[in-house]
1. Being crowded, with 24+ Cβ neighbours inside 10 Å, of a type in the set (A, V, I, L, M) and under 17 Å from the mean Cα position of the chain (by Cα) is true for just one of Leu668, Leu659. Which residue is that?
2. Output the number of the condition that Lys502 fails; it satisfies all remaining conditions of (1) surrounded by fewer than 14 Cβ atoms within 10 Å (Cβ to Cβ); (2) part of a helix (DSSP H, G or I); (3) out of contact with any Asp or Glu (no Cβ under 7 Å at 6 or more places or on another chain); (4) of a type outside the set (Asp, Glu).
3. So how many residues does the range 580-602 have that are over 25 Å from the mean Cα position of the chain (by Cα) and assigned to a loop (DSSP other than H, G, I, E, B)?
4. Quick check on the range 675-685. Is at least one of its residues under 20 Å from the mean Cα position of the chain (by Cα), closer than 23 Å to Leu66 by Cβ and assigned to a strand (DSSP E or B)?
5. Has the range 413-435 got any residue that is in contact (Cβ under 8 Å) with a residue 24 or more places away in the chain and either within 26 Å of the chain's Cα centre (by Cα) or under 18 Å from Thr395 (Cβ atoms) (or both)?
6. Find the strands (runs of 3 or more DSSP E) located wholly in the range 149-216 whose residues include 2 or more that are at pLDDT below 95, and list them.
7. Evaluate the range 263-275: report whether one residue or more is of a type outside the set (A, V, I, L, M), in contact with a Cys (Cβ under 9 Å, 6 or more places away or on another chain) and crowded, with 21+ Cβ neighbours inside 10 Å.
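The values are calculated or read from the model by the stated rules, or taken from the named source; none is laboratory data. Small disclaimer: the values here were computed from a predicted structure and weren't measured. Here the Cβ positions follow ideal geometry from the backbone for every residue, glycine too, while neighbour counts run over all protein chains shown.
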Amino acid sequence: MKAIKRSLVAFFLLLVITARADEGMWLPLFLQQLNEKQMKSMGMKISASDIYNINKGSLKDAIVSLGGFCTGEVISEQGLILTNHHCGFDAIQNHSTLERNYIRDGFWARNKGEEIPNPGLFVTFIVRIEEVTKSALAGVTQGMTEQERQSAIDKNIAALRSGVKREAYQDYFVRSFFEGNQYFLFVTETYKDVRLVGAPPSAIGNFGKDTDNWMWPRHTGDFSMFRIYAGTDNKPAEFSENNVPYKPKKALSISLDGMKEGDFTMVFGFPGRTTQYLHSAAVEQIVKVNDPAKIAIRDKALGVIDGFMRRDEQIKIQYAAKYASISNSWKKWQGEVLGLTSTNAVAKKKAYAAEFQKRVNANPAFKEQYGTLLGDLEAAYQELNKYGLARDYYTETISRIEAFALGSRINSLAGIKQKNGDKAFKDAVPKTIETLGELYKEYSPAVDKKLFEVLMQKFTNDQPEEFLAPELLTLVKSYQSDFAKMADDFYTNVDLLNNGPKVLANLKANPDLVLMANDLNKANQLFLQLNSHYASTVTKKLSGIQARVNQLQRTYMKAQMEVMKEKKFYPDANSTLRVTYGNVKGYQPRDAVKFDFYTYLDGVMDKYKPGDYEFDVPEKLRTLYKNKDFGQYGKNGKMPVCFIAMNHTTGGNSGSPALDANGNLVGLNFDRAWEGTMSDINYDPSICRNIMVDIRYVLFIVDKYAGAGHLVQEMKLVRAGKK
C-alpha cells in the first residue's frame, strides 16, 4: 500500500511540475526557441517566423490592443478590424439614444461616410519586442527596499528613451516579467482615429446575457467591427475628415472550413493578468476569503440595478455597460471558486511547494538562499488576510455608490484650488464639467440611493468594528440602523445627486458655489470619513505587508526557475502580446455531464423566449433559420455558432483571433467556460476551455442578417487550408 501511495504521489507531482501542452501565454519572440517544435507536433503548419517577424509582415502585424482593454484583429486591406461586441459596447452605448438605440437594434454603416468616430478610442500595434533586463536592473541591489528598488528601475527605464530605435510616430513601453526578474521593451504604433463600422443587436451580440455569461454551451454572436483611419501617409494621426482607411502590413485571411475535434488552434492577443505561480496560502485565501466576499457584495449591487433596468428602458440604456461589468467579474469569481475547489488547486500547490522545499533542502546552496522562503511567504499571507478582506469590502462598496464618485470629483477640484491657486482652479473647471457630464449620462439618483442603502448596510454589518469609521457607527446609531431612512436623508434636496444639469451650469457660472454645497453634502462627508479611516487602518498596514509579499514572491519566482529545472516557465499575463495554443476539444465538468465542442443556430432557437430580456431572437434571424438561408457559411444544413478549445486565455484576450493550423482566422475569442475560469490561477486541462464565435457565424450575421455584404467583400476568404 505504501509503495502504491508513493507511486501515486510521484505521478501527481509529475503532472504538477511538467508544463502542459495546452498551458501558457508565451512571448511571440521566443516561439521558435521554446514552442515551435511542440506547436508543430500538435498540428501547426506555419512557422514561428510567420507568427512574429520584425523584418516582414507577420501575424503580429494584424493584432491590435483595442483601447488597452481588449484585443482586435485586422481583417481587410482597408483597415477593418474585428473585436467582441462587449469590447465595442461602450462605443455602441455612447452612440445610442431612445430614438436611435444601437444596443437594441444594432448598427451597420452602409458606406465609409456613415462610420462613426469614437473620441478616446485607439488601437496599438506592436512593432517589435526586446529584452532589456540588464539595463532595467542596473544598480539594483538585494538590500534595497521595494520603494528604493522600484525608484531605481523607473530611472533606468526613463534613461532608455534616448537609446530606443524608433520612428518619430512610434512610442515604447517597458514591462516587468516573472515578478520583476526580467524586463522587456515594446515598440508601438498607436492609431487614434477608430470608427464604428457595425455591431449586431444585443439579442445576437449578447444573446443569453447574464444567464449564459461564462457558460458553455454558448450561442452568442459576440462581435463588432471598427475601422482604423490614418493620415494620407498611412501614419498615425488625430481624427480628421481627411484621414483615410489604414493600409496594414498584414490582414488575416479567413477560413470557411470550420474546425474538427483535435484541430490545432492558436489565440493571439493581449491577456490582462494572471497569477500562476502563487503560494498555496494565497490561493487558499482567494477561495475561502476574497472571492466569496466580493461575490456577496456584487450580489447585492446587481439585484438593485437589475430591478430598475427591468422596469425602465432609460435606466436600462444608462446602466447596461455598468451592469455587464459588475456581473462579469461576479460570475467569473463564482466559477473560479468552483474550479479551484473541484480540481484541488490548493492541494496541488502544496504538493508542488513540498517538492520545491525537498529539492532546496537537498542542495546546500539552495538551502542557504531559499531555505525559509516558503515559511516566510506563508506567514506574510496570513498577516495579509484580514487587511485584504477589508480592502475588498471597501473598494467593492465605495466603487458601486456613485454619490461618492460625484463628491470626490468636486473634492479634487477643491484640492486644486487649495494647493495651486485660483488660476489652476479656473483651468481645471472645464475638465471637471466634462468628467461629471459623462458620469451623469449613466447615472440615476433612484438607483444610486437604493445602492447606498443596500451596500452601506452590508458594509456596516459584515465587518469587524476596527475597520468601520467611528463617524459611521455614530451615524448608524442615530438612524437606529434604518439605512433606507439614512439614504432618503442623504439624497433629498442635494443638487449634486439629483440635478446634474444644474450642477454643470453652476460650475460654469459660479464653481465656488458647487464647492460650498459639496462641503455640506452628507454623502461626501461620510465618504471623506470612510476614506480617512480606511487609509489609517488598512492602507498603511496593507502597503507594508504587500511590499514584503511582493519581494518574497519575486524571490520565489526566481527560485522556482532555478530549482525546478525541468519545468518550462511562461510569464504571467500583463497586457502584453502573447500566443497561446491548444486543440479543439469538449470536456466533462462533472459526473454524468459531457459537453461537445460545437454549438449551432438550432441551439439559439431552442433557447428562444419571445420578448425575454436575455433570450429573445430577432424576427429576421428566425426567418433565416426557418428557411435554412445560411449562404456559403452553413455546413450540412446547419449554421455553426460557437466552439471551444484548450487555449489558455484570460481577460484582455476578449476579441483575440482564433487561428487555425495555417494561421487563418476561424473564430473570435470571447469567453471561458465557467468551471475553468480559475485558469488565471491554476490552469487545468480537464476543464479549462476558451469559447469562440465561429467566424462563419460572424460572416453570416454581417452578410445575410445585416445585409452588409460590402464588408465581406473587403475580406480574403479561403478554403481547404489555404493561406
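1. After applying the criteria, what remains is Leu668.
2. Condition (3) is where Lys502 drops out.
3. Here the count works out to 3.
4. The answer is no, given that none of the residues of the range 675-685 is under 20 Å from the mean Cα position of the chain (by Cα), closer than 23 Å to Leu66 by Cβ and assigned to a strand (DSSP E or B).
5. Within the range 413-435, one or more residues are in contact (Cβ under 8 Å) with a residue 24 or more places away in the chain and either within 26 Å of the chain's Cα centre (by Cα) or under 18 Å from Thr395 (Cβ atoms) (or both).
6. Qualifying strands (runs of 3 or more DSSP E): none found.
7. Within the range 263-275, one or more residues are of a type outside the set (A, V, I, L, M), in contact with a Cys (Cβ under 9 Å, 6 or more places away or on another chain) and crowded, with 21+ Cβ neighbours inside 10 Å.
Residue by residue, here is whether (1) assigned to a helix (DSSP H, G or I); (2) more than 16 Å from Tyr600 (Cβ to Cβ); (3) free of Cβ contacts under 8 Å to residues at least 24 places away in the same chain holds:
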| residue | (1), (2), (3) |
| --- | --- |
| Arg622 | yes, no, yes |
| Gln632 | yes, yes, no |
| Val641 | no, no, no |
| Asn647 | no, yes, no |
| Thr650 | no, yes, no |
| Gly655 | no, yes, no |
| Ala658 | no, yes, no |
| Ala661 | no, yes, no |
